[in-house]
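Asker: Structure below; questions to follow.
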Amino acid sequence: MDNIRLLLVDDETDFRAPLKKRLQKRGFAILEAGNGDECQAVMEDTPVDVVVLDVKMPGMSGIEVLEWIKDNHQKTEVILLTGHSSASDGVEGIKQGAFDYLTKPVEFDHLVQKIGQAVEKSRRDAEKQQEAAFKAKMEQQMISTERLASLGTLSTGIAHEIDNPLAIIKESAEYMRLLLGKAEHADMPRKSDFENAVGKIETAIERAKRITHQLLGFVRKPETFFAETDLKVLVAETVEFAVKEAENKGIQIVQDMAGVNGIIWSDPYEIRQVLFNLLTNAIAAIGSDGTITVSLKDTDSRTMLIVEDTGEGIPKENLEKIFEPFFTTKPPGMGTGLGLYVICGIIERLGGKIDIASRVGKGTRFQVTLPRSRETCGDMGDNKDICVDILNKIKGDPAK
Ligand SMILES: Nc1ncnc2c1ncn2[C@@H]1O[C@H](COP(=O)(O)OP(=O)(O)O)[C@@H](O)[C@H]1O
Ligand SMILES: [Mg+2]
């Protein structure tokens, strides 16, 4: 009966005091109140597990106090003490949500037994509540994964369809450029306007192709090439690519790989893509002046690649959407909304997982966990659920 907090509410001190002593001997932590008001004051201050409540008191009646408890502290169980001649109070109390009632004079062992049962019930209720909350969360996650999967299928289908006409537009643009270059068109009126227009078409085609390629890459049947991959070298090389742009914006990229072995069995090209996308996002999130820290950490069978930035952070309402294809907060033309979606696909293929923690105005941390060897690829859980995993972490793990 350790750690159980019990509140005795009775106006008769002569009754309360000896009961308190005996209950304390049994290991209960006892709080006391002489009337309804005191009971409320105690409970506002300290959570209690069980209230032993006298029905007949001056001021608020026990039944009124019971109603208040059930309205304000649902988890607390109440055992009523009624007079011999007023069993009807007890029945009324049970209707109002009391755990049970005992008639005075109270048989001590009987009371202790009832308290034990009340505590047991409140534990069971708490467990049931937890189970229900867990179930609701799982269902929510199922919906998110399914939505992500169907969005993926849809957008890949669109990418396929767009690729063909895009190829034709590209060919035609090349043909126009060829014609414009011919001697017979040397004196064509407004020739440079035509050339500019063709230039714009070419740029737009390039952009559209980047999008379709990224999308198709997401579902590409894994021609993932697993090989011995030195993450330390890979990080250093990839950071090199981003350093120039970062420096121009006053952003420092710090590498923290001390004491890490960093050799894993994975696909270096795909990891490079992941890191590059994360770095690009981090630079964009900072805008100017800040720090990006790229670190490696080893656990027994996995290695973590962490990219942490001091950027704008991600608001809660966006956290569930950032892995969806085409979700972007960047101005038109600046982002594709595919970077994180692509990352999701890659990490799934590599048998890893990604966790994220973010605080608006403070920064964001993306943590990619990769299996170190072929053997451990399997025990990262069901990787189809990777995006679920992400969403799960998002909800429960604010950045430190
Ligand atoms: N490090 C980060 N800090 C803040 N927001 C981020 C970060 N990384 C991604 N995001 C958010 O997620 C969105 C989607 O990212 P991404 O899929 O890479 O597409 P894009 O970068 O093209 O917008 C971004 O537009 C941004 O709102
Ligand atoms: Mg991006």
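The values are calculated or read from the model by the stated rules, or taken from the named source; none is laboratory data. Quick caveat: nothing in here was measured; it's all calculated off a predicted structure. Ideal geometry is used to build each Cβ from the backbone, glycine not excepted, and the neighbour counts take in all protein chains shown. For accessibility, only protein heavy atoms count, side chains too; no ligands or nucleic acids. Shrake-Rupley method; radii C 1.70, N 1.55, O 1.52, S 1.80 Å.
Asker: Given the conditions (1) surrounded by 17 or more Cβ atoms within 10 Å (Cβ to Cβ); (2) more than 16 Å from ligand 2 (Cβ to nearest atom); (3) at pLDDT 95 or above; (4) within 26 Å of THR224 (Cα to Cα), report the number of the one that LYS297 does not fulfil.
Answerer: Every listed condition holds for LYS297 apart from (1).
Asker: So for the stretch 102-122 (the condition being over 26 Å from ARG5 (Cβ atoms) and within 41 Å of the chain's Cα centre (by Cα)), does at least one residue qualify?
Answerer: The answer is no; no qualifying residue exists.
Asker: Check VAL254 against each of (1) within 17 Å of ILE356 (Cα to Cα); (2) away from ligand 2 (no atom under 15 Å from the Cβ); (3) β-branched (Val, Ile, Thr) and name the one condition it does not meet.
Answerer: Every listed condition holds for VAL254 apart from (1).
Asker: If you don't mind, there's one more thing I want to ask. Just to verify a result, which residue in the stretch 242-272, among those that are closer than 19 Å to PHE226 by Cα, open to solvent by less than 80 Å² (accessible area, probe 1.4 Å) and assigned to a loop (DSSP other than H, G, I, E, B), is modelled with the highest pLDDT?
Answerer: If we take residues in the stretch 242-272 being closer than 19 Å to PHE226 by Cα, open to solvent by less than 80 Å² (accessible area, probe 1.4 Å) and assigned to a loop (DSSP other than H, G, I, E, B), then GLY262 is modelled with the highest pLDDT.
Asker: Identify, by number, the condition in (1) out of contact with any strand residue (DSSP E or B) (no Cβ under 7 Å at 6 or more places or on another chain); (2) charged (D, E, K, R); (3) at pLDDT 95 or above; (4) closer than 26 Å to PHE108 by Cβ that GLU77 doesn't meet.
Answerer: (1)
Asker: Still on this structure, please answer the following. Going by the structure shown, is ILE286 open to solvent by less than 60 Å² (accessible area, probe 1.4 Å), away from ligand 2 (no atom under 12 Å from the Cβ), within 20 Å of SER155 (Cα to Cα) and not hydroxyl-bearing (Ser, Thr, Tyr)?
Answerer: Here the answer is no, as ILE286 does not meet what is asked.
Asker: Looking at the stretch 49-93, which of the residues that are open to solvent by 30 Å² or more (accessible area, probe 1.4 Å) and of a type in the set (A, V, I, L, M) is farthest from ILE4 (Cα to Cα)?
Answerer: In the first step, residues of the stretch 49-93 are kept if they are open to solvent by 30 Å² or more (accessible area, probe 1.4 Å); the result is 49, 56, 58-61, 64, 67-68, 70-75, 84-85, 87-89, 91-92.
Narrowing the set further to residues that are of a type in the set (A, V, I, L, M) leaves 60, 87, 91.
Working: MET60: 26, ALA87: 28, VAL91: 26 Å.
Within the stretch 49-93, the match that is farthest from ILE4 (Cα to Cα) is ALA87.
Asker: Would you call GLU308 at pLDDT 95 or above, open to solvent by 10 Å² or more (accessible area, probe 1.4 Å) and either under 19 Å from the mean Cα position of the chain (by Cα) or on the phi > 0 side of the Ramachandran plot (or both)?
Answerer: yes
Asker: Another question, if that's okay. Is it fair to say ASP300 is touching a residue at least 40 places away in the same chain (Cβ under 8 Å) and out of contact with any Asp or Glu (no Cβ under 9 Å at 6 or more places or on another chain)?
Answerer: No; evaluated as a whole, the condition is false for this residue.
Asker: Modelled with pLDDT of 90 or more and within 13 Å of ligand 2 (Cβ to nearest atom) - does that describe any residue in the stretch 345-363?
Answerer: No, the stretch 345-363 has no match at all.
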